[in-house]
1. With n ≥ 4 as the cut-off for DSSP H runs, can you work out [θ] at 222 nm for the chain, using -39500 (n - 2.57) per run divided by the number of residues, rounded to the nearest 500?
2. If you scale each eigenvalue of the Cα gyration tensor by 5 and take the root, what three semi-axes come out for the chain, rounded to whole angstrom and sorted largest first?
3. Among the chymotrypsin sites (Phe, Trp or Tyr not before Pro) within region 87-142, which fall in a DSSP loop and have no more than 11 other Cβ atoms within 10 Å of their own Cβ?
4. Which lysines does residue 168 reach when only Cα atoms under 23 Å apart count, and residues fewer than 8 places away in its own chain are ignored?
5. How much FRET efficiency would the formula 1/(1 + (r/R0)^6) give for residue 144 and residue 70, where r is the Cβ-Cβ distance and R0 is 45 Å, rounded to 0.05?
6. Under 9 Å from the Cβ of residue 124, count the other residues' Cβ atoms, weight Lys and Arg +1, Asp and Glu -1, and hand me the total.
7. If r is the Cβ-Cβ distance from residue 175 to residue 32 and R0 is 30 Å, what FRET efficiency results, to the nearest 0.05?
8. So what's the gap between the Cα centers of region 1-28 and region 97-127, to the nearest angstrom?
Amino acid sequence: ANQPFDITCDVTISSGVVDSVYLYYYTDFNLVNLDSLLMNPTGGNVYSVSLPGQPDGVSLIYWVKAWGNAISSTSEQKKVIIGIPDIGIFHSQLDATGLPLHLNHLARLRGIVTVSTGVFSTTNYDFYMQDNTGGINVFDYDYTADSTQYQQGDSLEVQGTIDVYNGKVEIVDFEAMVLSSGNPLPAPV
């Protein structure tokens, strides 16, 4: 958060040359403020641009559009939450249908494990963590007998994608790092 960061991509063309590559982006779901930046070649097929720093918790939605041989091609949209937001935003910032505005965003969260691995499922990762603003389910199918076990009181930093399953807000396809263990459990929110 609050620091410039680079976005890079590979752009290839079957024949001819790439004329230009632009990054299009907007923040906090405000498409009216759509902006674009020219991406610069950095060697081979790689293009890069530096985005200005954004505050903690800002939603960034972006895509790349390239032109060459009088045609253009556009990448799929990428959605990222900058920095480490409060978990509570996934329960308070909702669309008209009640789904989190940040659905399908890549996010990095920090919290204390309140329900350990193995309590709800012995075949999937399915545990809960919470910060002082709310809780979230952490889920992944990639679980084996020798997988890391996350225990109540573990302080975690988790990176994954925000999802919803049967009304339950989750962070899925995650990677986690244990910051400390044996922490007191937070009061339920």
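The values are calculated or read from the model by the stated rules, or taken from the named source; none is laboratory data. In this text the structure is predicted, and so the values were computed from the model without any measurement. With ideal geometry, Cβ positions are generated from the backbone for all residues, glycine too; neighbour counts draw on all protein chains shown. To get the accessible areas, we keep the full protein, side chains included, count just its heavy atoms, and leave off ligands, DNA and RNA. Shrake-Rupley method; radii C 1.70, N 1.55, O 1.52, S 1.80 Å.
1. On the way: 1 runs with 4 residues, N = 189.
Calculated at 222 nm, the ellipticity per residue is -500 deg cm²/dmol.
2. Details: eigenvalues 265, 68, 47 Å².
Equivalent ellipsoid of the chain: 36, 18, 15 Å, largest first.
3. On the way: sites: 90, 120, 125, 127, 128, 139, 141; in loops: 120, 141.
Listed in order of number, the matching sites are 141.
4. Filter leaves 78, 79.
5. Numbers: r = 51 Å, r/R0 = 1.13.
It comes out at approximately 0.35.
6. Details: positive: none; negative: 126, 140, 142.
My count for the surroundings of residue 124 gives -3.
7. On the way: r = 34 Å, r/R0 = 1.14.
After rounding, the FRET efficiency stands at 0.30.
8. 31 Å
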